[in-house]
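Novice: My questions all concern the structure below.
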Amino acid sequence: MNTGPQNAWFDKDYYATLGVSKDASADEVKKSYRKLARKYHPDANPGDSTAEAKFKELGEAYAVLSDKEERAQYDSVRAMASGTRFSAGSGGARAGAGGGAGFEDLFGGLFQPETGSRTSNRGDIPPEFADLFDIGGYGSGGRTAGFSTGPRKGGDISARTTLNFTEAIEGATVKLNGASSGPISVRTPIGVKDGQKIRLRGKGQPSPNGGEPGDMLLTVNVEQHPVFKRDGDNLRIEVPVTFDEAALGAEIQVPVLNGLPVRVKVAPGTPSGRVLRVRGRGVKTKSHTGDLLVTVEVVVPKNLSADAQKAVKDFQTATKDEDPRVDLIQRAKSS
C-alpha cells in the first residue's frame, strides 16, 4: 500500500490552507476553494511563482477535503498525529526515537488503495471547476494545474472615436491608433448609436507566444444634429407651419437626411404637436429602414400688420361661439 500521500498529511493543515474550520460543510469548503483558486490562479498571476505554489496547495487541500472518505481518513491521521510524532527510517515510519512498529503495522488497514480515475497529483483542478478557469480539459484527464502551455490570445485595448450624425447613420471609415502596427483604418457599422461599443476582432495587442491577437473595444460618440433626432431606427424632425396651413390644410416641404426634401400633406384642422409619418426615410439597417416622424408646430406670428390684425379680429368674431376649453373645468373637477 502506498502511504506517501497520507504520510504527508501529518504536517499539512488543509483546513487552514482553505481558510475553513474543521467542521466546515462541503459547501463551505467548495465556496472557499472557488474564491481562493480564482485569486491565485497562474493565469491571473503570470510569472508569480508564489501564487502558482499557493494554487497547487489549494488544489491539494480541496482534493482531500472534498472527498468524504478521504477527508475522514485525513481527520483520523491528524488526530493520531496530535499525540504521536513519526520519523522516516529504513524500515518505514518509526514511533518516537525507539523504533518499533512501522507505519503500515501501526495503522493496519486504515488506508485502502485508491481506485477509479482520481489522479495522485493533488494540484489538479477538480473537474467541476474546469470551466471556472476557462481551461479546457483541466481536471478531467489528469492534467495538472499551472500555466497554460498553448498559445495565448493577446490583450484587448480600448479606443474612442467621434462621428457626426450623418456618419453614424450611414457608416464611416475612421483612423485609429493600433496596438503595435501604427494607425489602422476601420469601417463603422451602419446606424451606430451614441455610446455604442464595437468589438474589432484582431485589432488589439499581439500574442506573446504566437497566438491570436487581442481585440479593440471601440466606443463611438455621435454628435447631435441641428435638425434631426434619432428615435431607434426612426428619425424625428419638428416642422413649423402657419396658422392658416394648419387650419385650412396645406402641402409643405420637409427636409430629409442627405436627400431632396419631400412633400407632406397637412390635413385641415391639424393641431400643433401632431406627428406625421413619412415611411422609409429613417435609419437604414440590414433588415429594414425606419421612418421620418414629422411633428407639426403651429407658429403664432409676433408682429402683425394692420391688415393681418383686422383679419384675425374678423376670424375672432366669426368663431366667437367656439370655446376649446368648454369642458376643461368640468373634466378637472370629475377626477
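The values are calculated or read from the model by the stated rules, or taken from the named source; none is laboratory data. Please read these numbers as outputs of a predicted model, since none were measured by experiment. We place every Cβ from the backbone using ideal geometry, glycine too, and count neighbours over all the protein chains shown.
Novice: Assuming GLY214 fulfils every condition listed in (1) closer than 20 Å to ILE190 by Cα; (2) touching a strand residue (DSSP E or B) at 6+ places or on another chain (Cβ under 9 Å); (3) among the small types (Gly, Ala, Ser) apart from one, which condition is it?
Specialist: So the condition that GLY214 fails would be (1).
Novice: Quick check on GLY232: is it closer than 30 Å to ARG152 by Cβ, surrounded by fewer than 16 Cβ atoms within 10 Å (Cβ to Cβ) and in contact (Cβ under 8 Å) with a residue 40 or more places away in the chain? Please lay out each step first, then the result.
Specialist: Values: closer than 30 Å to ARG152 by Cβ: no; surrounded by fewer than 16 Cβ atoms within 10 Å (Cβ to Cβ): yes; in contact (Cβ under 8 Å) with a residue 40 or more places away in the chain: yes.
Against the criterion (closer than 30 Å to ARG152 by Cβ, surrounded by fewer than 16 Cβ atoms within 10 Å (Cβ to Cβ) and in contact (Cβ under 8 Å) with a residue 40 or more places away in the chain), GLY232 does not qualify.
Novice: Still on this structure, please answer the following. Could you give me the residue pairs with C-beta distances under 6 Å whose first residue belongs to the stretch 42-69 and is under 15 Å from TYR15 (Cα atoms) and at pLDDT below 85, whose second residue is surrounded by 13 or more Cβ atoms within 10 Å (Cβ to Cβ) and β-branched (Val, Ile, Thr) wherever it lies, and which are 6+ apart or on separate chains?
Specialist: none
Novice: Return only the number of the condition from (1) in a strand (DSSP E or B); (2) of a type outside the set (Val, Ile, Thr); (3) free of Cβ contacts under 8 Å to residues at least 60 places away in the same chain that LEU293 does not satisfy.
Specialist: (3)
Novice: Report those strands (runs of 3 or more DSSP E) wholly inside the stretch 197-282 carrying at least 1 residues which are within 30 Å of PRO151 (Cβ to Cβ) and not assigned by TED's automatic domain parsing to the domain that holds ASN303.
Specialist: Here the list reads 197-200, 216-222.
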